[in-house]
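What follows is one structure encoded as structure tokens, with my remarks underneath.
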Amino acid sequence: MRLENFDSTGVNPIGEGAEKKVFINPEDQKKVISERKEGIEEETGLEKDTHRQLKARYYLTQIVQLLLPKNIPHVYNIGESKQGIQIADVERIEHMESHARLQEINKLRGDTDLIKKDIEKELGEEGYELIDKLHEFGLGSSIDETFGNYIKDEKGNVRYIETFNPWEKDVVDNKNIRLLFDEEELRGAIESNSDEKVRNQCIKHLERVLTLFEEEKQELKNQPEPEKIENNEKTKELELRMELFEASFSLEDLRSIIELSDQDAEGHPLWWPAKMALGEITKKRNEVWADENISSDKKSQLEAKYKMLSKAVGIRNRGQIDHTR
């Protein structure tokens, strides 16, 4: 079956996340087709991948799969259906029990925080080790560290079940893009692999990703510059939400929180409500990012404020709060 011919109309998905639905490949029960939900761009403010980006996503994922064959499922194709829906044909990995429950909660649009904690426990230290390894490969910005994107297979291997995004538009300049991986660190991971055939194939794929990146970058630069605005309803709402955040939460007190266990995180009187509020701010910030009519200066101003709030809340990892990124 050609990927563009896939049509999920009337077919029940076997899994569903915040942004995607997953279906069994009708021609091969050992494969699944991951389909981006319709309307997710409007809901999240994130744009669809361009055709070059889809190709580069395929090649980058192939690189990581070759380097970590026990942890990254095979990706057979990534593209777009005739209906314009972006899809990927990938290896099927059986869900853990907690992962299956997560899928049901996602379908009902329920609260997934508790079940994600169960997944984190089932993954154990191997989950953290895989995330650390991907960071070592220079892929930290290309992955989603949410534990719902990881599964422990029947052999005990932790598998990352998403593909790897190669680049994104610059936060403040929509006529520019930036790589979401560190080329030098990824080349180092490739060169340290003991299999010459794997090294050669990975280098070939990497050069293809970089060629697509430069082509995309040049095309964006050649596009006519639209007239920019300083303020609209999106910027005003984002500014208001950030002002309310500062009025509601002490940034200094948030920065002082450096340790927080699983048991204490959700019930913490300051950190947890601040984290929830930041999540809503992030959605609005993404909408501003995606609006090409907003000037770079305005986006830069808003992004500086957003990063200050985001770092104050920090990222929780193994009971530690990282306030540096």
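The values are calculated or read from the model by the stated rules, or taken from the named source; none is laboratory data. Every value quoted in this text rests on a predicted model; they were computed, and no experiment measured them. With ideal geometry, Cβ positions are generated from the backbone for all residues, glycine too; neighbour counts draw on all protein chains shown. Note: areas computed on protein heavy atoms with side chains; ligands, DNA, RNA excluded. Shrake-Rupley method; radii C 1.70, N 1.55, O 1.52, S 1.80 Å.
Points worth noting:
- Residue 41 meets the conditions (1) at pLDDT 85 or above; (2) part of a helix (DSSP H, G or I); (3) closer than 21 Å to residue 178 by Cβ; (4) not hydrophobic (A, V, I, L, M, F, W, C) in every case but one. The failed one is (1).
- Those residues of the stretch 256-268 which are touching a residue at least 60 places away in the same chain (Cβ under 8 Å), part of a loop (DSSP other than H, G, I, E, B) and either over 26 Å from residue 121 (Cβ atoms) or open to solvent by 40 Å² or more (accessible area, probe 1.4 Å) (or both), in sequence order: 258, 266
- Residues in the stretch 55-74 that are open to solvent by 10 Å² or more (accessible area, probe 1.4 Å) and among the aliphatic types (A, V, I, L, M): 66, 67, 68.
- Residue selection: residue 319 fails the criterion of being within 18 Å of the chain's Cα centre (by Cα) and within 19 Å of residue 147 (Cβ to Cβ).
- Within the stretch 296-325, residues that are among the hydroxyl-bearing types (Ser, Thr, Tyr) sit with their Cβ atoms under 9 Å from residues that are open to solvent by 70 Å² or more (accessible area, probe 1.4 Å) and modelled with pLDDT of 90 or more, at 6+ positions apart or across chains, in these pairs: 324/311.
- Qualifying residue in the stretch 12-28 (condition: closer than 24 Å to residue 170 by Cβ and at pLDDT 85 or above): no
- Matching residues in the stretch 214-255 - criterion: being open to solvent by less than 100 Å² (accessible area, probe 1.4 Å) and assigned to a loop (DSSP other than H, G, I, E, B): 223, 226, 228, 230, 231, 232, 249, 250
- Qualifying residues in the stretch 157-183 (those that are part of a loop (DSSP other than H, G, I, E, B), within 21 Å of residue 130 (Cα to Cα) and among the aliphatic types (A, V, I, L, M)) - the one least open to solvent (accessible area, probe 1.4 Å): 180
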